Amino acid sequence: MKRLLLAFFVMFLMSPRSLQAEPGCEETPEIAGCGGCACEACVCEADDFCCNSEWDDLCVEECIVDCGGTFCLPNCGDATCQSDEGEDCATCTQDCGCKDGEACKFGECCASDCAGKTCGSDGCGGSCGECAEGLLCGEAGQCEECQPNCEGFGCGDDGCGGSCGECAEGLACAMGNCITPGTCDGNCNGNADTCYCDDQCAGFGDCCDDVCEFCPELAQCNECTPDCTDKGCDDDNGCGFPCGCGDTEECCGDGICRENCEGVCTPDCTGKDCGDDGCGGSCGDCGNVEACTNGTCQANGCADACVLGEKGCAGNSTWLCTKNDNGCTVKSTTACAVDQVCEYGECQGDAVVGDIIAEADSTGTTPPPKKSDGGGCNSAGNTPASAAMLLFALFSLMVWRRRLG
């Protein structure tokens with residue numbers, strides 16, 4: 001926690017004049033300790049990271065703030081608060097001290113404010129009061145009745161200082177559940193108290209020894225062969241990582257490795273769902289009834305008229321279902337030749353004449369040609385043979401009447 005709080009002091013390190021080249025006054029990446037500087041023992045007693053790993057900017061801050069390292073600020077004490085040299089109320093109280101009623105918080109002076117509050121923070125590192133047992137400090141700075149919550153938990157704190165239960169001997173409480181410490185048995189994607197069983201533990205180096213035995217589905221437990229064939233340097237290599245570039249190259253915005261990306265177009269789809277990415281690519285496509293307007297898919301007011309790819313007949317013309325510029329489906333028609341007829345969405349052979357009728361059904365799809373139903377009195381009965389038989393009958397009737405006369 002202390003290291004986190006001290007992180008707010010690092011602003012003064014940005015100035016090239018902020019620290020003199022005295023031992024302990026400059027960070028030494030990948031080098032532990034400060035070579036026996038005057039504040040080394042004090043700093044490392046409070047923060048062993050500084051002497052076991054490296055002397056970073058927080059170690060420098062601890063030297064100045066907590067361990068008397070004012071020698072890092074040679075002008076401290078001249079009665080002038082020089083913030084450009086790293087002096088503030090925390091690093092140089094002589095020159096930058098706070099007024100009466102103020103406190104130094106993260107290198108800045110602030111005044112306590114508890115107006116209307118009975119508990120919680122005073123906004124300046126202090127407290128406006130504590131709540132009695134069973135009460136909780138609400139967002140408005142007032143003590144409120146606490147509502148215990150143990151739903152889904154078998155152990156641990158109930159949120160009000162009470163308990164959701166205790167674990168049996170040999171088990172440990174981790175994230176509200178009783179688990180066997182140090183094993184991933186029954187605890188995949190969770191905390192095993194002394195180690196972890198999730199996808200991030202490999203990166204942090206704190207996986208349980210049996211993580212792949214009980215959690216084989218985790219990424220680090222599956223052998224993966226990277227494949228960057230025909231992929232850009234920013235594309236996934238198939239194993240959850242970008243394809244990347246060589247040691248002397250950098251991945252440019254267009255996905256190509258170069259020694260220098262200066263002047264290369266970088267696609268930008270920030271705030272866009274569709275349209276141009278600024279480099280000739282696309283930020284995405286819209287749905288059938290949407291149009292891309294200023295990078296956003298919006299309803300275009302049209303409706304689909306058919307199913308994409310469907311075809312049929314409309315009179316003696318074929319139609320094919322396609323998309324128009326607005327993304328809606330429409331029937332695109334093509335007339336058949338004079339000696340053709342539309343059948344099943346295609347122009348077929350020579351035109352059929354006589355008793356063959358081609359008519360579109362309600363969907364526009366032409367059914368097979370059929371014989372017209374004339375009730376027995378269609379044009380097929382008006383043939384030359386029929387006429388001859390009629391004349392023969394009339395002639396016979398006239399002869400019969402003459403014989404009777």
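Residues checked against (1) within 28 Å of residue 219 (Cα to Cα); (2) assigned by TED's automatic domain parsing to the domain that holds residue 218; (3) of a type in the set (Gly, Ala, Ser):
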{"site": "239", "(1), (2), (3)": "yes, no, no"}
{"site": "242", "(1), (2), (3)": "yes, no, no"}
{"site": "260", "(1), (2), (3)": "no, no, no"}
{"site": "275", "(1), (2), (3)": "no, no, yes"}
{"site": "278", "(1), (2), (3)": "no, no, yes"}
{"site": "287", "(1), (2), (3)": "no, no, yes"}
{"site": "292", "(1), (2), (3)": "no, no, no"}
{"site": "298", "(1), (2), (3)": "no, no, no"}
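Restricting region 151-191 to residues that are in contact (Cβ under 8 Å) with a residue 24 or more places away in the chain and hydrophobic (A, V, I, L, M, F, W, C), which is nearest to residue 120 (Cα to Cα)? Checking each candidate, the answer is 160.
Only a single criterion out of (1) within 26 Å of the chain's Cα centre (by Cα); (2) surrounded by fewer than 13 Cβ atoms within 10 Å (Cβ to Cβ); (3) of a type in the set (Asp, Glu) is not satisfied by residue 213, namely (1). Quick check on my filter: what residues within region 58-69 are aliphatic (A, V, I, L, M) and surrounded by 24 or more Cβ atoms within 10 Å (Cβ to Cβ)? Within region 58-69, 60, 64 qualify.
Exactly one residue out of 130, 151, 166, 144 is of a type outside the set (A, V, I, L, M, F, W, C) and outside any loop (DSSP other than H, G, I, E, B), and it is 144. The residue that is surrounded by the most Cβ atoms within 10 Å (Cβ to Cβ), among those in region 283-317 that are in a strand (DSSP E or B) and at pLDDT 85 or above, is 313. Could we say that residue 191 is surrounded by 15 or more Cβ atoms within 10 Å (Cβ to Cβ), over 30 Å from residue 295 (Cα atoms) and of a type outside the set (A, V, I, L, M, F, W, C) here? Yes: the conditions hold for residue 191. Residue 125 fulfils the conditions (1) surrounded by 15 or more Cβ atoms within 10 Å (Cβ to Cβ); (2) under 30 Å from residue 143 (Cα atoms) except for a single criterion, (1). Can you give me the number of residues within region 195-247 that are assigned to a loop (DSSP other than H, G, I, E, B), among the charged types (D, E, K, R) and in contact (Cβ under 8 Å) with a residue 12 or more places away in the chain? Summing the residues that are assigned to a loop (DSSP other than H, G, I, E, B), among the charged types (D, E, K, R) and in contact (Cβ under 8 Å) with a residue 12 or more places away in the chain in region 195-247 gives 8. Filtering region 70-106 down to residues that are small (Gly, Ala, Ser) and not in a helix (DSSP H, G or I), which residue is surrounded by the most Cβ atoms within 10 Å (Cβ to Cβ)? Taking the candidates together, the pick is 86. Being touching a strand residue (DSSP E or B) at 6+ places or on another chain (Cβ under 8 Å) and outside any loop (DSSP other than H, G, I, E, B) is the requirement here; does residue 160 meet it? No: the conditions fail for residue 160. Within the option set 178, 188, being under 27 Å from residue 149 (Cβ atoms) and not in a loop (DSSP other than H, G, I, E, B) holds for one residue only, 178.
Take the conditions surrounded by 15 or more Cβ atoms within 10 Å (Cβ to Cβ) and under 23 Å from the mean Cα position of the chain (by Cα) and apply them to residue 238. Does it pass?
Spelling it out, it is not the case that residue 238 is surrounded by 15 or more Cβ atoms within 10 Å (Cβ to Cβ) and under 23 Å from the mean Cα position of the chain (by Cα).
Against the definition (at pLDDT 85 or above and farther than 30 Å from residue 89 by Cα), how does residue 173 come out, yes or no? It is true that residue 173 is at pLDDT 85 or above and farther than 30 Å from residue 89 by Cα.
Just one of the numbered conditions (1) under 46 Å from the mean Cα position of the chain (by Cα); (2) assigned to a loop (DSSP other than H, G, I, E, B) is not true of residue 59: (2).
The values are calculated or read from the model by the stated rules, or taken from the named source; none is laboratory data. Since the model is a prediction, treat every value here as computed from it, not as a measurement. Quick reminder, even Gly has a Cβ in these numbers, built from the backbone with ideal geometry, and neighbours come from all protein chains shown.
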